[in-house]
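Note sheet for the following structure.
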Amino acid sequence: MKDIYIDSIQQYNDYFGFETVHPLVSVVHCDGNVKPRTEPVRYHYGLYAIILKETKGCSITYGRTQYDFDEMTITSFAPGQVITVNPIPWNAVPPKWTAIVFHPDFLARTNLGREISKYGFFSYSSVEALHLSSAEVEIVRSVLNIIKQEMNYAIDHHSRKLIVANIEVLLGYCLRFYERQFVTREEINHKVVKDFEYMLTQYIKNEAEDNGIPSVAFFAEKCNLTPGYFGELVKTETGQTAQSFISEHMVTVSKELLSDAKLSVSQVALKMGFDYPQHFVRFFKRHTGKTPSQYRLNFKD
């Protein structure tokens, strides 16, 4: 498998055959005149990239998980991510896509640079692509066109501010579209949460004592989602974070175990996956306002 390292706008444009207009940001369009690849390629990103795919000519994996995406979808990547692109042997459709890529240095000392972490889809969209309606596609294209037009002006002291502002507008729309996707895929989300609840119950019952307290990352992987996307999905469906969901369930099970006088607090802590009883005591008191021993007083005659 070929490894491609993309750490600058020049490297990105040279690799795909585009002209470099600005050293730190690029808006490009592939109109199908690139020959479809026949071998897998592993891209090591040092840039931010938002890509509107117009055709399905490949499958994409991030780590061990495959993208859920088709025509007219957005995929987004951030510096430090490694993306594997696998051509589909039976698909000879030339790839068509539009992209904006920008170097992290372009955001230095800007409000967007300080708040870029709030756009969690740079992480969780690496498993779940953003599926767009025709109206949403037009919005994305219109913002990209504004950025491209601004790049064609002579660079002056307004250029960076205006381009960054419009990148922020684009990211804001993507955030809105992702939230819409969470809502419109309610049936799928509901199944994921039901599976999560079942797996959590079984984990505490059968695995916690040997493998430790349950984590969001563990169940996200079981659901083939990144922790960020999984967390947003659970929050949309239940109104609480995935970590709160886990903690609430742990408290419920802990209370059930504490009602059994035959079990010591240390034994309950071990069954819940805590390495040390004092950690369990702090956890229980934080969520109930009482220590396990104080809670047990409710069961004494």
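Overview of results
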quantity	calculated
In the range 1-15, residue most open to solvent (accessible area, probe 1.4 Å) [restricted to those that are in contact with a strand residue (DSSP E or B) (Cβ under 7 Å, 6 or more places away or on another chain) and either part of a helix (DSSP H, G or I) or under 19 Å from LEU52 (Cβ atoms) (or both)]	TYR15
Test: GLU168 is modelled with pLDDT of 95 or more and part of a helix (DSSP H, G or I)	yes
Counted residues, the range 257-293 - those being without any contact (Cβ under 8 Å) to a residue 24 or more places away in the chain and either surrounded by fewer than 16 Cβ atoms within 10 Å (Cβ to Cβ) or under 35 Å from the mean Cα position of the chain (by Cα) (or both)	18
Any hit, the range 165-174, residues being β-branched (Val, Ile, Thr) and free of Cβ contacts under 8 Å to residues at least 40 places away in the same chain	yes
Residue, modelled with the lowest pLDDT, within the range 125-142, restricted to residues that are in a helix (DSSP H, G or I) and open to solvent by 10 Å² or more (accessible area, probe 1.4 Å)	SER134
Qualifying residues in the range 188-246 (those that are more than 25 Å from LEU130 (Cα to Cα), assigned to a loop (DSSP other than H, G, I, E, B) and small (Gly, Ala, Ser)) - the one most open to solvent (accessible area, probe 1.4 Å)	SER215
Hits in the range 146-158 (condition: without any contact (Cβ under 8 Å) to a residue 60 or more places away in the chain and not in a loop (DSSP other than H, G, I, E, B))	ILE146, GLN149, GLU150
Flag if TYR153 is closer than 19 Å to LEU24 by Cβ, of a type in the set (Phe, Trp, Tyr) and open to solvent by 50 Å² or more (accessible area, probe 1.4 Å)	yes
Residue count, the range 21-31 (criterion: exposed (fewer than 14 other Cβ atoms within 10 Å of the Cβ) and either part of a loop (DSSP other than H, G, I, E, B) or modelled with pLDDT of 90 or more (or both))	1
Boolean, SER254 is open to solvent by less than 30 Å² (accessible area, probe 1.4 Å), hydroxyl-bearing (Ser, Thr, Tyr) and farther than 30 Å from GLU186 by Cβ	yes
Residue in the range 72-90 that is surrounded by the fewest Cβ atoms within 10 Å (Cβ to Cβ), counting only those that are at pLDDT 80 or above and part of a strand (DSSP E or B)	VAL82
Qualifying position, being within 26 Å of the chain's Cα centre (by Cα), modelled with pLDDT under 70 and of a type outside the set (Gly, Ala, Ser), among ARG42, ARG64, ARG37	ARG64
Members of the range 247-276 found to be more than 21 Å from ASN206 (Cβ to Cβ) and either assigned to a helix (DSSP H, G or I) or among the β-branched types (Val, Ile, Thr) (or both), listed by number	VAL265
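The values are calculated or read from the model by the stated rules, or taken from the named source; none is laboratory data. Worth saying up front: this structure is predicted, and the values here are computed from it rather than measured. In this analysis, Cβ positions are derived from the backbone assuming ideal geometry, glycine residues included, and neighbour counts consider all displayed protein chains. Please note that ligands, DNA and RNA were not included when accessible areas were found on the heavy atoms of the full protein model with its side chains. Shrake-Rupley method; radii C 1.70, N 1.55, O 1.52, S 1.80 Å.
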